[in-house]
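Below you'll find the structure, written out as structure tokens, and then a few comments.
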Amino acid sequence: MTARASHRRNFLAGTPLDRVGERRGDARWLAAARAEGRFLPVWKGRNLVESRDRPRPVGVRAEQLGDAGLAGCPDILLGVSGNQAWFALAVPAEASPSPAGEFCDLRGIGHLLDPDEGALLAFARAMVLWDERHTYCGRCGGATSVSEAGHARDCTSRTCGARHFPRVDPAIIVLVADEERCLLGRQAAWPEGRYSTLAGFVEPGESLEDAVAREVYEEAGVGTTDISYQSSQPWPFPSSLMLGYRARPATYDIDRRDSELDDARWFSRAEIVGGACLLPPPVSIAWRLIEDWFDSEPGRRLATEADAGPWLPRRDS
Ligand SMILES: [Zn+2]
């Protein structure tokens, strides 16, 4: 059985697998599972899908790995669906894999994927990126070796021996809004006109609510009240967990104190659907936060109203 959340889920969340944590140390079971398994390659941070326009994951069979230029790539057990074991495959950047399909960035195609399949690819990406970045011990600098079917790395130094587990970095993302207007900001590196919810990493010593209040104050100089949790989203770029919040403004004057944003402004619903800003991609929890607020006015529906305009990014943005 797979434990599944009952609420409406965000894209990339809700992996449809039994993670079989109890099997990760079982070498005999793993050998049999690999022989019949499906492998999800991740190369240079990109996932393998059938095609960019109609993305579906490509699960490479064990006997196809050689022909696809994927033989010898380290694998990580993701879990089991029915009798089928699924593995992430860490393809080295210097390799030249040649499987059928296209390697694509999940941020561009995530919302075109079936939700279960998107979650599966996000899990694969998160595990491969963690694995690639933890080949050395963060305590002593010694080399690490894989254990627990890829879910741990052990320091090989006899005097250290630290065990390292996959990391998830909590980040808050928040829509500050009253009934009429919401606060959005833009970073200089984004496409022209793009605005989104404010976000930032949780710092040591902070609660999530502390982080929400600090980030909004640092980035926009706005005070907040009534901070409440909305939902979360795994965001494996490379290892974030986005914790989505709503908050009401306690003050309205904008003062970009830390210069992290290029601009921050209040937007009404009419401005949002009138093309005053380019919204974040639908795959993101940022879109979901804006949508929930927008739709809270009776008769309004962002997905329908924003779809009518040419400014809505449909993919790859
Ligand atoms: Zn060590």
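The values are calculated or read from the model by the stated rules, or taken from the named source; none is laboratory data. Being a predicted model, the structure only gives us computed values, none of them experimental. Quick reminder, even Gly has a Cβ in these numbers, built from the backbone with ideal geometry, and neighbours come from all protein chains shown.
All but one of (1) away from the ligand (no atom under 16 Å from the Cβ); (2) surrounded by fewer than 17 Cβ atoms within 10 Å (Cβ to Cβ) hold for residue 106; state the number of the condition that does not hold.
The failed condition is (2).
Being assigned to a loop (DSSP other than H, G, I, E, B) and more than 21 Å from the chain's Cα centre (by Cα) is true for just one of 219, 206. Which residue is that?
206
Take region 132-173 and flag every residue that is over 16 Å from the mean Cα position of the chain (by Cα) and away from the ligand (no atom under 16 Å from the Cβ).
132, 148, 149, 150, 151
Any chance region 51-67 includes a residue that's over 21 Å from residue 102 (Cβ atoms), modelled with pLDDT under 95 and not small (Gly, Ala, Ser)?
No, there is no match, as no residue in region 51-67 is over 21 Å from residue 102 (Cβ atoms), modelled with pLDDT under 95 and not small (Gly, Ala, Ser).
Yes/no per residue for (1) assigned to a strand (DSSP E or B); (2) modelled with pLDDT of 95 or more; (3) within 30 Å of residue 291 (Cα to Cα):
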{"position": "125", "(1), (2), (3)": "no, yes, yes"}
{"position": "153", "(1), (2), (3)": "yes, yes, no"}
{"position": "170", "(1), (2), (3)": "yes, yes, yes"}
{"position": "189", "(1), (2), (3)": "no, no, yes"}
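Does residue 116 satisfy the condition of being in contact (Cβ under 8 Å) with a residue 24 or more places away in the chain, under 17 Å from the mean Cα position of the chain (by Cα) and farther than 24 Å from residue 149 by Cβ?
For residue 116, the condition - in contact (Cβ under 8 Å) with a residue 24 or more places away in the chain, under 17 Å from the mean Cα position of the chain (by Cα) and farther than 24 Å from residue 149 by Cβ - is not met.
Select from region 86-121 the residues that are assigned to a loop (DSSP other than H, G, I, E, B) and touching an Asp or Glu at 6+ places or on another chain (Cβ under 6 Å) and list them in ascending order.
Kept after step one, since they are assigned to a loop (DSSP other than H, G, I, E, B), are these residues of region 86-121: 92-101, 105, 113-114.
Answer for region 86-121, where residues must be assigned to a loop (DSSP other than H, G, I, E, B) and touching an Asp or Glu at 6+ places or on another chain (Cβ under 6 Å): just 101.
Taking residue 81, is it among the hydroxyl-bearing types (Ser, Thr, Tyr), crowded, with 16+ Cβ neighbours inside 10 Å and more than 16 Å from the ligand (Cβ to nearest atom)?
Working: among the hydroxyl-bearing types (Ser, Thr, Tyr): yes; crowded, with 16+ Cβ neighbours inside 10 Å: yes; more than 16 Å from the ligand (Cβ to nearest atom): yes.
Yes, satisfied.
Quick one: residue 229 ticks every box in (1) touching a residue at least 40 places away in the same chain (Cβ under 8 Å); (2) away from the ligand (no atom under 16 Å from the Cβ); (3) surrounded by fewer than 20 Cβ atoms within 10 Å (Cβ to Cβ) bar one, so which box is it?
(1)
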